[in-house]
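Scroll down for the structure; my scribbles are underneath it.
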Amino acid sequence: MLIKRPRGWELPESAATPERVWLSRRSLMLGGAGLIGAATLPGLARAQAADPTADLYPAPRNESFVLDRPVTDESIAANYNNFYEFGSSKRVAAAAQALRTRPWTVVIDGLVEEERTLDFDDLIRTMTLEERLYRLRCVETWAMAVPWTGFPLADLVAMARPLSSARYLRFETFLDPEVARGQRQTWYSWPYVEGVTMAEATNELAFLVTGVYGKPLANQFGAPLRLALPWKYGFKSIKSIVRISFTAERPVSFWERQGPTEYGFWANVNPEVPHPRWSQARERMLGTDEEFPTQLFNGYGEWVAGLYAAMEDEPLFM
Ligand code: MTE
């Protein structure tokens, strides 16, 4: 990540500092951030208490999805986020509280029988929520295991009634530079955009997330609606979605536009295909710093490998 206009004097902290030192320094800061966070984020507690969907949580767990490692501690996951709209550091939780998530509408448009604008609170009540334990593997090599709550993206596709000419879904995040100061950085092309094929969107694993840790999503996780595509690098899991368009043409995503030689459309996890600037062979769990070998499709090949049969010519792993 962190591609911007290169300036010789500028290095991300992770590049300037050996990762282990940086990560343990981070854990130290997070230890404190938990306390500071509790004291300085009253808005977060208030927003959740007032959330009109709070009664929907916790949702029953779908036991088909099991983890091979412990769930990441909530205070760790909630204080180490990628949400460039609120800055390029991982400590964006406080800044993200400025985002007003009500009222919130999601536009469904493009190649559908009928374009419409859905109120999020209505949409969520037409869906059956469930909890899924998924792993998330960031392209930067950190990983976490979290209990997302939401509904299958396939259910939204069915509701949207796409035309047979629809081949892709294009997702868009809100655009409000007044609130999201990161969106004032002109070297990024806002708003954040992501895309998947129809086959990917209707795969059982593709999940639209409305909650985490048995509660409505906190802002820094991408409230009120985000995607979870656990077999792909985390940047595909777009946050705070306001528009879902069905298209005939492949969307160009935020990071692909930013750095097409580093971040592609497919972005499926593969330990054997390094990022141009680092290896993808291993991953490190947030919180424990425990390392694991990276798995092909992040370990979800059973569900998704078939999607990519006979597509060897595509750069499936970047
Ligand atoms: N969505 C938006 N709109 N903006 C972002 O910066 N970052 C992505 C993804 N979705 C991002 C986003 C990246 S790089 C990752 S790894 C995940 O969100 C991180 O999700 P988390 O902060 O909930 O762990």
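Every number in this text was worked out from the coordinates using simple rules, so none of it is lab data. This structure is a prediction, so every number in the text was calculated from the model and none was measured. We place every Cβ from the backbone using ideal geometry, glycine too, and count neighbours over all the protein chains shown.
Which pairs turn up if I take residues in the stretch 98-109 that are under 10 Å from residue 223 (Cβ atoms) and look for partners that are buried (at least 18 other Cβ atoms within 10 Å of the Cβ) and hydrophobic (A, V, I, L, M, F, W, C) with beta carbon separation below 7 Å, at least 6 apart in sequence or on another chain?
Listed pairs, sorted by first residue: 99/180; 101/223; 104/120.
Looking at (1) within 16 Å of the ligand (Cβ to nearest atom); (2) farther than 30 Å from residue 279 by Cβ, which is the only condition residue 123 fails?
Answer for residue 123: the failing condition is (1).
Just checking, how many residues over the stretch 238-259 are among the basic types (Lys, Arg), more than 28 Å from residue 119 (Cβ to Cβ) and assigned to a loop (DSSP other than H, G, I, E, B)? Steps first, please.
Quick first cut of the stretch 238-259, residues among the basic types (Lys, Arg) only: 239, 243, 250, 257.
Retained after the next criterion (residues that are more than 28 Å from residue 119 (Cβ to Cβ)): 250, 257.
Imposing the further condition that a residue be assigned to a loop (DSSP other than H, G, I, E, B) reduces the set to 250.
So the count comes out to 1.
If you scan the stretch 246-289, which residues turn out to be of a type in the set (Asp, Glu) and within 21 Å of the chain's Cα centre (by Cα)?
Filtering the stretch 246-289 for residues of a type in the set (Asp, Glu) gives 249, 256, 262, 272, 283, 289.
Within the stretch 246-289, 256, 262, 283, 289 qualify.
I'm checking my understanding of the structure. Among residues of the stretch 238-254 that are within 9 Å of the ligand (Cβ to nearest atom) and in contact with a Gly (Cβ under 9 Å, 6 or more places away or on another chain), which one is nearest to residue 283 (Cα to Cα)?
Of all residues in the stretch 238-254, those within 9 Å of the ligand (Cβ to nearest atom) come to 238-241, 254.
Checking which are in contact with a Gly (Cβ under 9 Å, 6 or more places away or on another chain) leaves us with 238-241.
Numbers: 238: 21, 239: 22, 240: 26, 241: 27 Å.
Applying the filter and picking the extreme gives 238.
With the requirement that a residue be in contact with a Pro (Cβ under 8 Å, 6 or more places away or on another chain), loosely packed, with under 13 Cβ neighbours inside 10 Å and not in a strand (DSSP E or B), what does the stretch 282-296 give you?
Correct list: empty.
So which residues in the stretch 255-289 are away from the ligand (no atom under 16 Å from the Cβ) and β-branched (Val, Ile, Thr)?
261, 273
Select from the stretch 231-244 the residues that are touching a Leu at 6+ places or on another chain (Cβ under 6 Å) and within 23 Å of residue 300 (Cα to Cα) and list them in ascending order.
Passing the criteria: 234, 236, 237, 238.
What is the residue count in the stretch 72-94 for residues that are outside any loop (DSSP other than H, G, I, E, B) and either basic (Lys, Arg) or surrounded by fewer than 21 Cβ atoms within 10 Å (Cβ to Cβ) (or both)?
The first filter runs over the stretch 72-94 and keeps only residues outside any loop (DSSP other than H, G, I, E, B), leaving 74-77, 84-86, 93-94.
Retained after the next criterion (residues that are either basic (Lys, Arg) or surrounded by fewer than 21 Cβ atoms within 10 Å (Cβ to Cβ) (or both)): 74-76, 94.
Total meeting the criteria: 4.
In the stretch 110-127, which residues are of a type in the set (Asp, Glu) and under 14 Å from residue 161 (Cβ atoms)? Steps first, answer last, please.
Filtering the stretch 110-127 down to residues of a type in the set (Asp, Glu) leaves 113-115, 119, 121-122.
Answer for the stretch 110-127, where residues must be of a type in the set (Asp, Glu) and under 14 Å from residue 161 (Cβ atoms): 113, 114, 115.
Starting from residues that are polar (S, T, N, Q) and in a strand (DSSP E or B), keep the ones in the stretch 99-144 and report whichever is farthest from the chain's Cα centre (by Cα). Outline the logic, then answer.
So the first thing to find is which residues in the stretch 99-144 are polar (S, T, N, Q), and the list is 101, 105, 117, 126, 128, 141.
Within this subset, residues satisfying the condition of being in a strand (DSSP E or B) are 105, 117.
Working: 105: 19, 117: 22 Å.
Restricting to residues being polar (S, T, N, Q) and in a strand (DSSP E or B), the top hit is 117.
Check off (1) over 27 Å from residue 132 (Cα atoms); (2) polar (S, T, N, Q); (3) touching a Lys or Arg at 6+ places or on another chain (Cβ under 6 Å) for residue 261 and give me the number that stays unchecked.
Status for residue 261: all satisfied but (3).
Identify the residue in the stretch 182-237 that is within 13 Å of the ligand (Cβ to nearest atom) and assigned to a helix (DSSP H, G or I) and, among all such residues, is surrounded by the most Cβ atoms within 10 Å (Cβ to Cβ).
Of everything passing the filter in the stretch 182-237, 219 is surrounded by the most Cβ atoms within 10 Å (Cβ to Cβ).
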